[in-house]
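These notes concern the structure reproduced below.
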Amino acid sequence: MKNPYATALDMQRQAWEATAGLAEKSQVAPERTETLENVEVGQTPSEVVYEENKLRLLHYEPKTEEQHDIPILVVYALINKPYILDLQPDRSVVQTLLEAGFDVYLIDWGEPSKLDRQLSLDDYVNRYIDNCTDVVRERSGEDAINILGYCMGGTMSAMYASLYPEKVKNLSLMAAGLCFAGDGGVLELWGSEDYYDPERVTETFDNVPAEFLDIGFALMDPVANNVTKYVRFYDNVEDEDFVENFARMERWLDEGIDVAGVAYEEFINDIYQENKLYKNELELGGEHVDITNIDMPVLQIVAEYDHLIPPGASKPFNEKIPSEDTEILEFATGHIGMSVSSRSHEELWPQVCDWFEERSNDTEESAEPEITASEAEDVAGDESGTVDLTNGGSSVETSSDSGAQTDLDSVTSSDTETDLDAETSELHGEVRSDEEIVERGEEEVQEEPAEPGEMTVDEDVVEEVTDEELESEPDDFTALTGVGQAYAEDLSEAGIDTFDQLAEADVADLAAETGIAPSRIEDWVEQAQER
């Protein structure tokens, strides 16, 4: 039994500590208030190269001496402002693409006025996106360009690629709502025709107010959005970097924009409630949006913890399109975390850049290995597969008919012997004399024959595989003092799954990404290091 006098003394000590902490936080309050009011966003230099109605097409200044041949057009959502993709220099999707050598354009939709209430999805896709695409094509001299669509912009990009496949070289869809057959999360449930009539909203407001949408999004996680984040802000008010990050996100959340009435009605009715895009039944301006036209390479970027557009609302779409080159990058973060978390920029976006780079230069692709007719018969029908890659919390699913990606085992025919030496040697394709062949054979003879049942193993590979197997099992962080289930989930969402990872984590970065007080994380790191 605990001494009641000791309990009283502990309570008194905690009260004095809290008072002292409040005094310290009060001293920095004026500085933090100034930070909240004057924080800068969207700092990457750009110029407006096209305008139409409220729309502005931005072209960003290059960061490299040479750029890839095929430019990227970023199609943002109709909700909120696009600078979430350029929130701050070290966490900017735009800058990451520029530093990878891409020529980047972005559509800033602006905010519709009352006169724009009648703007429809047909206007946005067949008029605005098409006009912007033509501007980028003309400026770059390319017949087809790369398109990266985010959220609602990803859905519209899929529509555009269906209608104008000849203008789209590669299509990347980031957190795009494409399939609403029961796995679309809370928004799909709330937006179902049993509970929600979008016309009642537009009849009342004309355009859908940003404040109306903000309340709906906040109610999806009311405690986190209305209580927890402010508690975390108080805990971290002395950390200037944390306050700056907090201020940028709050500014973005507060600067929402209205959505054109008719476009909103169509998106809820046709995409959410009737799932017409996924069913290949959607029409825009009387023309069928035929998703079977999407035959260009497609990359989907989805967030494992996305509560707005869960992976189940995106991933099945790849199975409905005929493209022979599809890939899914699923990353352990949330809807916004894909754009702004430091870990996303360290681990996810380099993969996205690599994907675009492999498909964005007007050079002849390396020759594919030749296979015989009998081998081709064996390959036929083996068109897709799923590869699970553990890489910083992301998984990759691919589907491709490319001969360069064909497994050698799948092309081995009982009627044909494959000359593995000819296919795998670094001298493949060179003519070698008999003397050279004999000499090379003598060099590669094992010095001592292996004992029966023994084989030579690359110890580095064994160690690497063993490490991967050991890391595959997450540790129970609740075993640490001060870590409950909620904090454990926050760490997991930040890609910290083992005690070793926690022990090596950077306290400041992890605090910024999770919103947990640095002092708490520092204590957990020390505990993890002791283990």
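The values are calculated or read from the model by the stated rules, or taken from the named source; none is laboratory data. What you are looking at is a predicted structure, and each value in this text was computed from that prediction instead of being measured. Methodologically, a virtual Cβ is constructed for each residue, glycine included, from the backbone with ideal geometry; neighbour enumeration extends over all protein chains shown. Note: accessible area is taken over every heavy atom of the protein model, side chains too, but ligands, DNA and RNA are not part of it. Shrake-Rupley method; radii C 1.70, N 1.55, O 1.52, S 1.80 Å.
By average Cβ neighbour count within 10 Å, what is the ranking of 68-76, 261-269, 485-493 from highest down?
Put in order of decreasing packing, that is 68-76, 261-269, 485-493.
By the gyration tensor of its Cα atoms, with a ≥ b ≥ c the square roots of the eigenvalues, what is the shape of segment 271-330: rounded for a/c under 1.5, prolate for a/b over b/c, or oblate?
In terms of gyration-tensor shape, oblate.
Rounded, prolate or oblate: which fits segment 77-169 when a ≥ b ≥ c are the square roots of the eigenvalues of the alpha-carbon gyration tensor, with rounded for a/c under 1.5 and prolate only if a/b beats b/c?
oblate
Leaving out ligands and nucleic acids, note down the accessible area per residue over segment 56-135 with a 1.4 angstrom probe, in whole Å².
35 Å²
Can you sort E526, E513 by 1.4 Å-probe accessible area, starting with the largest? Write out the running numbers ahead of the final one.
Numbers: E526 90, E513 50 Å².
So the residues, ranked largest to smallest area, are E526, E513.
Taking H as built 1.01 Å from N, whose amide H comes closer than 5 Å to the amide H of Q300, not counting residues under 5 places away?
L173, E327, I328, L329
How many percent of the accessible area of segment 74-162 is carbon or sulfur, using a 1.4 Å probe? Walk me through the numbers on the way to the answer.
Details: 1090 of 2450 Å².
Within segment 74-162, the accessible surface is 45 percent carbon and sulfur.
Can you tell me how segment 119-273 classifies by the Cα gyration tensor, rounded, prolate or oblate, using a/c under 1.5 as the rounded cut? If you can, show how the numbers build up before the last one.
On the way: a/c = 2.15, a/b = 1.35, b/c = 1.59.
Note, shape of segment 119-273 comes out oblate.
With unit charges on the beta carbons (Lys and Arg positive, Asp and Glu negative) and the dipole taken about the Cα centre of segment 147-245, which residue among I215, L173, F242 sits farthest to the positive side?
L173
Taking all protein chains in place and a 1.4 Å probe, what share, in percent, of the accessible surface of segment 249-345 do carbon and sulfur account for?
Carbon and sulfur atoms account for 42 percent of the accessible area of segment 249-345.
If only Cα atoms are counted, what is the Rg of segment 193-351, and what is its Dmax, in Å?
19.0, 57
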